[in-house]
Amino acid sequence: MEMRMSTELRRARQRQMIIFLLVCAVVFALLARLFYWQILESYSGYRLAAQANAEHVQNQIIPAPRGHIYDVDGRLLATNVVRDDVYIEPIQFTSDHPDNYQADLQVQVAALHGVLPALSEESLLQAFGSGRPTVRIAGPIEPEQSEKLRKMRLPDTFLEPRPWRVYPNNDLAAQMLGYVQESAGQTRGIYGLEAKYDQLLAGKPGNFTAETDLMGNPLTVGTSSGSSAISGADLTVTVKSDVQQIVQSSLAETVQQMGAQSGTALVLNAQTGAIVAMAGYPAFDPNDYGNYADQKGCLGQQEVYYNPALYCAYEPGSTMKAITMAAALDQKLITPEQTIQDPGYLDFPDGTPTVTNWERQGYGTESMTQVLEHSANVGAAYVAYNVLGPDRFYPYLQRFGFGTKTGLLSPETGGGYRTPSSQGWTKSDMVRQSFGQSITATPLQIARAYQAIANGGVMMQPYLVSQIVKNGQVQTIQPRVEQRVISAEAAKQLTGMLVSAANANQQATIPGYSVAVKTGTATTQGLAEDQTEASMAGFLPASQPRFVILVKLDRPQNQIYGGTAAGPLWKTIAQQLMAIDEVPPDLPLH
């Protein structure tokens, strides 16, 4: 009896031990699992929390509205609109149409093609067959197209709105404005104002973080946080749209009429240096900048997006003769009435190559004023070689800003010229530079030099932005003096000489207004003499200058000289400026 009880007790204890061991095993397994998840897999205790949080928290970037660009009269030059991109969900479409996939796909493709005719049915079929979760098939689309797609409620197709940069005036001032490019969800300004002021215009994106439901919708009772987007700064520029339109359209018409390859036109405020108009041809439409990728400006040497007023350096030709005269007048080494003998050529005792006038035309006894009237290379070379010399010539090229970038916009070139410190320099370089060869300059550099003459010898810093409005704070940019380059007396004398040159040639005179101009007909070594850069630079009214105008035509064919090719365009722009700005005449009308 005792033995039987002992056996049963032993079996009971064995069962208890087995149960105990099983419980311990389960507890150990749970502890091990907890250790695994909470220690090994938690990434310092946060990984699981982060994963769980990510399933119920949505982070969104809020784009900042890009700043507007206005002209001096408050007209919009660059702004933003909201346009839709069109997306499809190929994988979901396949899943939603297991039985009649091909038939349903044809209906879907036909519907999309009907609203978006620019998309071929073949490209749409490829997009649906891509095997990707989402595919952007179009954008930005027009509001009418968005409305049609919303009404159609096509399956597995959705619209995603986003801001889009637009230029209401199409190609107006395009090379000055530049454009905005989007890449990988980021936008940045390319060329012109959009590039130089990109950080200001772009503003600061905001963000929004919120708890969401299983469908990704924000919970009204959930926690949320974020920061608002800060709009970009608004810019006001010194350009007048109506003047810009006249300058731009007149330039395009003249380039085509003269059979030129390209051209540039500039208008500056003579007293402040503000850019009133700046145009190049050919131009482009920043709304569709990609369509112009294969077009070239600057004699076919640069992309059409480059601003030729800043980037297309050229040999300015006879417009440089005014600078040579300015240097000599400022140092009181000549007077406007001083004369030389001009047989049509000039030899030099040190072997410097002979200089000749155009077609070796001689003028006999010739005053300094007549040198400009005749545009005589001999007279300019005489002043540089016999009157100035290197020590008195080159400091004035530097003063007038040649070889130095203006900093107005980028990209920009400073042009260049050889000086006595340059390797290989000879006096022939100086002689040729005196009448605009062996030196390169941009149209803006030439216009800036004439602005200094028009402004009594004081050069102003060229500027384009007159006001910046950021977060309600208004910053006004004032005109800034760069430096005095010649005396007021020398500027007055030179202005009189340029007026005489204008009156003598009658190529840009305007009834009722005194005009101070100089033509330029530059040829390039190695090219035929009829392959010219025809230009005209000057200002009006000469008695109280308001505007400086420069026009340049590259390789005109129908007329090749500065006066006959560029003169009519200069005159057209000048007449329109006098009318638009209601400038009172300074001469009696005959």
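Give me the percent relative contact order of segment 71-156, please, defined on Cα pairs under 8 angstrom at least 6 residues apart.
49
Would you be so kind as to identify which of ALA174, GLN257, ALA380 lies farthest towards the positive end of the dipole of the chain, taking Lys and Arg as +1 and Asp and Glu as -1 on Cβ and the Cα centre as origin?
About the Cα centre, the residue reaching furthest to the positive side is ALA174.
Tell me what the chain gives for mean residue ellipticity at 222 nm when only DSSP H runs of n ≥ 4 count, each as -39,500 (n - 2.57), the sum divided by the residue total, rounded to 500 deg cm²/dmol. It would help to have the intermediate numbers written out before the result.
Details: 19 runs with 203 residues, N = 590.
Theoretical 222 nm ellipticity from helices: -10500 deg cm²/dmol.
For the pairs LYS240/LYS552; LYS321/LYS405; LYS296/LYS518; LYS151/LYS196; LYS148/LYS296, note any where the Cα-Cα span goes beyond 32 Å. Walk me through the intermediate numbers first.
On the way: LYS240/LYS552 21 Å; LYS321/LYS405 21 Å; LYS296/LYS518 29 Å; LYS151/LYS196 42 Å; LYS148/LYS296 39 Å.
Over 32 Å apart, Cα to Cα: LYS151/LYS196; LYS148/LYS296.
Starting from the Cα of SER95, step 7 Å along the direction of its Cβ; do the same at ASP581; then give the gap between the two resulting points in nm.
6.7
Could you tell me whether segment 537-590 comes out rounded, prolate or oblate from its Cα gyration tensor? Rule is a ≥ b ≥ c as square roots of the eigenvalues, rounded for a/c under 1.5, then prolate if a/b exceeds b/c, otherwise oblate. Intermediate values should be presented prior to the final figure.
Details: a/c = 2.53, a/b = 2.24, b/c = 1.13.
In terms of gyration-tensor shape, prolate.
Does segment 233-325 classify as rounded, prolate or oblate by the C-alpha gyration tensor (a ≥ b ≥ c root eigenvalues; a/c under 1.5 gives rounded; else a/b over b/c gives prolate, otherwise oblate)? Don't jump to the answer; show the numbers that get you there.
Details: a/c = 1.70, a/b = 1.12, b/c = 1.53.
Oblate is the answer for segment 233-325, as a/c is 1.5 or above yet b/c matches or exceeds a/b.
In the set [x] 142, 83, 51; [y] 78, 65, 51; [z] 156, 54, 47, which value of Cα extents along the principal axes in Å was calculated from the structure you see?
Evaluating Cα extents along the principal axes in Å on these atoms matches [z].
When the chain is fully extended, how far beyond the present Cα-Cα distance does GLU147 get from GLU303, taking 0.36 nm per residue of separation?
Details: separation 156, 0.36 × 156 = 56.16 nm, distance 3.75 nm.
The GLU147-GLU303 span can extend by a further 52.4 nm.
With a ≥ b ≥ c taken as the square roots of the eigenvalues of the C-alpha gyration tensor of segment 428-538, please select rounded if a/c is under 1.5 and otherwise prolate if a/b is larger than b/c or oblate if it is not? Could you put the intermediate results ahead of the total?
On the way: a/c = 1.99, a/b = 1.53, b/c = 1.30.
Because a/c hits 1.5 or more and a/b exceeds b/c, segment 428-538 counts as prolate.
Given a Förster radius of 45 Å and the C-beta distance between GLN199 and GLU253 as r, what FRET efficiency does 1/(1 + (r/R0)^6) yield to the nearest 0.05?
Details: r = 38 Å, r/R0 = 0.84.
Efficiency, from the Cβ-Cβ distance: 0.75.
5 Å is the cut-off here: which amide hydrogens, built 1.01 Å from N in the peptide plane, fall below it relative to ILE190, excluding neighbours closer than 5 in sequence?
Correct list: TYR179, VAL180, GLN181, ALA195.
Please turn the phi angles of segment 73-80 into ³J(HN,Hα) values with the Karplus equation 6.51 cos²θ - 1.76 cosθ + 1.60 (θ = phi - 60°), one per residue in order, whole Hz, x for glycine and proline.
Values, residue by residue: 9, x, 7, 5, 10, 8, 8, 10 Hz.
Give the carbon-plus-sulfur fraction of the accessible surface of segment 241-581 in %, rounded to a whole number; probe 1.4 Å, heavy atoms of protein chains only.
Numbers: 5500 of 12670 Å².
It is 43 percent, rounded to a whole number.
Counting other C-beta atoms within 10 Å, and keeping those with at most 15, which DSSP coil GluC sites (Glu not before Pro) do you find in segment 332-394? Mind dumping the intermediate values first?
On the way: sites: GLU337, GLU359, GLU366, GLU373; in loops: GLU337.
Of the GluC sites (Glu not before Pro), the ones in loops of segment 332-394 whose Cβ has at most 15 other Cβ atoms within 10 Å are GLU337.
At a threshold of 8 angstrom on Cα-Cα distance, excluding pairs fewer than six apart, so keeping six or more, what relative contact order does the chain reach in percent? Display every interim value, and only then the final one.
Numbers: 1220 pairs, mean separation 81.5, N = 590.
It comes to 14 percent, rounded to a whole number.
Given a 1.4 angstrom probe, what's the average accessible area per residue across the chain, in square angstrom? Can you show the working numbers first?
Numbers: 28920 Å² over 590 residues.
About 49 Å² of surface per residue is accessible.
Residues in segment 239-253 near a label at THR476, defined as backbone nitrogen under 17 Å from the 7 Å Cα→Cβ point?
From segment 239-253, the list is 239.
For ARG132 and ARG162, compute 0.36 nm times the residue count separating them, minus their Cα-Cα distance, and round to one decimal in nm. Write down the numbers at each step before the final one.
Numbers: separation 30, 0.36 × 30 = 10.80 nm, distance 2.21 nm.
Full-extension gain reported as 8.6 nm.
The values are calculated or read from the model by the stated rules, or taken from the named source; none is laboratory data. For clarity, every value in this text was computed on a predicted model and none was experimentally measured. Heads up, the Cβs are rebuilt from the backbone with ideal geometry, glycines too, and the neighbour counts pull from every protein chain shown. Heavy atoms of the whole protein, side chains included, go into the accessibility calculation; ligands, DNA and RNA do not. Shrake-Rupley method; radii C 1.70, N 1.55, O 1.52, S 1.80 Å.
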